[in-house]
Amino acid sequence: MERNRSDEKSTAEPSARVPSGAAVMRTSVTDALTRAFFEEWARTGIGALSLERVAKRAGVGKAALYRRWPSKHEMAIELISAVGLNLTPIPDTGSLLEDLRLTLLSLRRVLRHPLIKRILPDLHAEMARTSVLSTEIRTTLQFERRARGAMIVERAIARGELPKNVDADLANDALASILYWRIIVTGGRVHREDLDRIARFIAVGLGAQPD
């Protein structure tokens with residue numbers, strides 16, 4: 001009879017049943033592999049990243065990794081998509097200026113993370129070399145993130161804070177690019193008062209009336 005397979009040795013009580021022959025995808029193993037993947041990516045760059053090293057860092061067998069992701073690019077696409085949208089929630093405060101400020105605060109927290117500061121430049125370089133990675137990131141993660149960012153503009157229009165013909169793409173570009181350039185490209189610092197000035201700069205640039 002075929003034995004049950006799992007990522008780790010089962011510690012469940014005898015009454016806990018698992019379908020015969022099923023590979024149990026344990027959340028703890030997936031989380032460990034996710035952390036290990038991003039740590040290895042930050043250490044080596046994705047070009048030199050080894051899935052065997054990821055599995056070793058996570059403390060699991062290679063089979064546990066390959067049951068989830070057959071290649072490092074597929075692993076990168078899935079994990080970036082899963083993690084990326086959760087890192088920058090879109091606020092709804094009832095005020096354009098406050099929505100912009102909180103979004104910038106969230107982005108600053110992400111961009112200051114030691115792993116993300118090393119991974120993002122490498123990701124963009126790899127996207128220029130790998131069409132599959134570029135296509136997936138741009139048509140899934142970036143599309144959904146920009147759609148969520150446009151909600152800030154749409155709500156501001158509904159409240160009468162912005163004109164109806166405002167450019168939502170420009171708002172998205174401004175929110176991301178100013179902090180990315182300051183933190184990732186130049187290695188500069190962005191203080192709380194800087195976020196307030198940037199939020200006001202974006203709001204006025206989109207057509208909001210200054211206070």
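The values are calculated or read from the model by the stated rules, or taken from the named source; none is laboratory data. Treat the numbers as computed from the prediction; the structure is a model and nothing was measured. A quick note on method: Cβ atoms are made from the backbone with ideal geometry, for glycine too, and the neighbour counts reach across all protein chains shown. Keep in mind that these areas ignore ligands, DNA and RNA; they rest on the heavy atoms of the full protein, side chains included. Shrake-Rupley method; radii C 1.70, N 1.55, O 1.52, S 1.80 Å.
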With the dipole of region 27-184 defined by +1 on each Lys or Arg Cβ and -1 on each Asp or Glu Cβ, the option from Thr93, Ala174, Val29 whose Cα lies farthest towards the positive pole is Val29
Looking at the square roots a ≥ b ≥ c of the eigenvalues of the Cα gyration tensor of region 70-117, which shape do they give, rounded for a/c under 1.5, prolate if a/b is larger than b/c, or oblate? oblate
Contour minus Cα-Cα span, Thr27 to Arg53, at 0.36 nm per residue, comes to 7.4 nm
Of (1) 17.8; (2) 18.6; (3) 19.7, which one was derived for Kirkwood radius over Cα pairs in Å from the structure shown? (3)
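For Thr44, Thr34, give the ranking by accessible area with the largest first, probe 1.4 Å. Display every interim value, and only then the final one.
Values: Thr44 50, Thr34 25 Å².
Result, largest first: Thr44, Thr34.
Please give the charge dipole size of the chain, origin at the Cα centre, charges +1 on K and R Cβ atoms and -1 on D and E Cβ atoms. Round to the nearest 20 debye.
Working: 33 positive and 26 negative charges, 148 e Å.
Charge dipole of the chain: 700 debye, to the nearest 20.
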If you roll a 1.4 angstrom probe over the protein chains with everything in place, what fraction of the accessible area of the chain belongs to carbon and sulfur, to the nearest %? 54 percent
For region 20-171, what is the number of Lys pairs with C-alpha distance below 30 angstrom, counting only pairs 8 or more positions apart or on separate chains? 5
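Helix-only estimate, please: 222 nm mean residue ellipticity of the chain, summing -39500 (n - 2.57) across DSSP H runs of length 4 or more and dividing by its residues, to the nearest 500.
One gets -19500 deg cm²/dmol as the mean residue ellipticity at 222 nm.
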Could you compute how much accessible surface Val83 exposes when probed at 1.4 Å, giving the result in Å² to the nearest 10? 50 Å²
From highest to lowest solvent-accessible area (probe 1.4 Å; ligands, DNA and RNA excluded), Leu170, Leu105 read Leu170, Leu105
